[in-house]
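One structure below.
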Amino acid sequence: MSINKALLALAMGFALAACSNQNSAQDAAADAADAAAEAQAQADAAAAPFADAAQESADTAAVAADVAANAASDATAAATNDAADAAADVAETAADVAEDAADNAEQAADEQH
C-alpha cells in the first residue's frame, strides 16, 4: 500500500469516527429533548403539593436538553476526534440527566394517585 493510500484510509477513518460522534451527540440531544417534553407533560399533570417537585424536575430536564443540544453542536464543530468524543459524551450524559429528571417528574405526578 502506498503512503498516499494509507493516508487516505487514515483520513477516511477519522472522518467516519467524527461522523459517528456527531450522530451520537445528535441522537442524545434528541433523546434529551424528548425527555424534557415528557417531564413537562408530567409536571403539567401533577397536582399540588407534588406539582412543584414535578416542575423542578421538568426544569432540570429542560436545562439538560439545552446542554445536550449545545454539546451536539460542539461535536459537529469539533476540530479533533478527541473534542468530538468529549462533546458526544457530554451530550449523552445530559440526555441521561434529562431522562432521570423526566422519571422524577413522573414519580411526582404519580404521587397524587
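Could you work out how much longer the chain between residue 77 and residue 110 gets when fully extended? Use 0.36 nm per residue separation minus the Cα distance between them, nm to one decimal.
Details: separation 33, 0.36 × 33 = 11.88 nm, distance 4.11 nm.
Between residue 77 and residue 110, full extension yields 7.8 nm more.
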Residue 27-residue 47 pseudo-label distance in nm [points 7 Å out on the Cα-to-Cβ vector]: 4.1
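Laboratory data are not the source of any read-out in this text; all were calculated from the coordinates shown. Quantities reported herein were computed from a predicted structural model and do not represent experimental measurements. Because the Cβ atoms are built from the backbone with ideal geometry, glycine has one as well, and the counts that use them run over all protein chains shown.
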